[in-house]
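Colleague: Please read through the structure below; I'll follow up with questions.
Just so it is clear, none of the values below were taken in a lab; they were calculated from the coordinates. All of these numbers come straight from a predicted model, not from anything done at the bench. Here the Cβ is made from the backbone with ideal geometry for all residues, glycine too, and neighbour counts use every protein chain on show.
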Amino acid sequence: MGATAEGFVIVGGGTLFAIAGVLLVRGRVELEALRANHDVAGYILAVVGTLYAVLLGLVVINVQTKYDQARAMAVQEANACSNLYQLTKTLPAANRSALRTVLADYVKQAIDEDWNAIARGQQKEGTNEEYRKLWQAIADLQPSPGREEVAYGAILSTMQQLSDARRFRKVTGRTGVSPVLWLILIAGEIVTILFTYFFGVTSLRSHLAMVAFMAFFLSLNVFLIALYDDPYRADLEVKAAGFNFDPSIFRE
């Protein structure tokens, strides 16, 4: 489901649910009976609304941070691949060619398999074999003292950065907001909206408008959490932040 369709379901569904609830309550309960609840319901709504707003804000910040980290790690993985390619210029011709071939295969598999799969919500790890070969090719290098030895240290450091970024992508793609937290978020929104039904507003239209605006705003935040909970979905274009180059440049 795309972001637009998901937004209509979450935001539109939440708003329609709230409006239907107001119409149901106003059709069955006298206006004076609702007004009798104002003193108590107002205080309770203030407490419930504040607590829910704090929880909602913390979760929004958490998923936004997760998205920012995913973008940064995508750039780090891509930069590490590019840097490895440039560092191979310090190696003898045979070693340089072998390492560049494995690196090119890794980049191609990462773009064609890993990134496309994770954007579809899958966890296909097409780079496992190329990743192992890349480490093995680096481990097999026997740099001579001096310039090659210094470059080899830089290659190892860059490969570690690539490994860290790749591991982050693999782990983050499997984790998200827990089902228990989702239950709390949804229940909190429902309870907060339900408390607005205890108020008796003379104008039904005004009551509907206020409740609809409140439900719309709360549902927007829930939708934001659902959207950024998976930072690798195609709508957010994390891949474009890093792996937006032609993999053929890694071939001699």
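Colleague: What percent of all Cα-Cα pairs in the range 1-89 falls in each 10 Å bin, counting up from 0?
Modeller: Going out from 0 Å in 10 Å bins, the range 1-89 shows 12, 19, 26, 17, 11, 7, 5, 2, 0 percent.
Colleague: Something else: What FRET efficiency comes out for Asp39 versus Val191 if R0 is 30 angstrom and r is the Cβ-Cβ distance? Round to the nearest 0.05.
Modeller: It comes to 0.95.
Colleague: Starting from the Cα of Lys108, draw a straight line to each of the aspartates and glutamates and keep only those under 20 Å, dropping any in the same chain fewer than 8 residues away.
Modeller: Straight-distance partners of Lys108: Glu77, Glu125, Glu129, Glu130, Asp164, Glu237, Asp246, Glu252.
Colleague: Something else about it: Please work out the FRET efficiency for the pair Thr65 and Glu237, using the Cβ-Cβ distance as r and a Förster radius of 22 Å; give the result to the nearest 0.05.
Modeller: For Thr65 and Glu237, the calculated efficiency is 0.80.
Colleague: Also, I was wondering about something else. In percent, what relative contact order does the chain have, based on Cα pairs under 8 Å that are 6 or more apart in sequence?
Modeller: Dividing the mean separation by the residue count of the chain yields 45 percent.
Colleague: Return one number: the angle in degrees, 0 to 90 and rounded to the nearest 10, between the long axis of the Cα atoms of helix 204-228 and the longest principal axis of the Cα atoms of the chain.
Modeller: 20 degrees
Colleague: In nm, give the distance between the simple-model label positions of Ala53 and Asn79, each being 7 Å from the Cα along the Cα-to-Cβ direction.
Modeller: My value for the distance between the label points is 3.8 nm.
Colleague: Let me ask you something else. Determine the principal axes of the Cα atoms in the range 3-250, then give the extent along each, sorted from largest to smallest and rounded to whole angstroms.
Modeller: Rounded to whole Å, the extents work out to 90, 29, 24 Å.
Colleague: In degrees from 0 to 90, rounded to the nearest 10, what is the angle of the helix 147-172 Cα long axis to the longest principal axis of the chain?
Modeller: Once rounded, one gets 30 degrees.
Colleague: What is the helix-to-structure angle for 128-139, meaning the angle in degrees between its Cα long axis and the longest Cα principal axis of the chain, kept from 0 to 90 and rounded to the nearest 10?
Modeller: Around 40 degrees separate the two axes.
Colleague: Give me the dipole magnitude in Debye, nearest 20, for the chain about the Cα centre, with unit charges on the beta carbon: positive for Lys and Arg, negative for Asp and Glu.
Modeller: 60 debye
Colleague: Using Cα pairs closer than 8 Å and at least 6 residues apart in sequence, work out the relative contact order for the range 35-139, in percent.
Modeller: 18 percent
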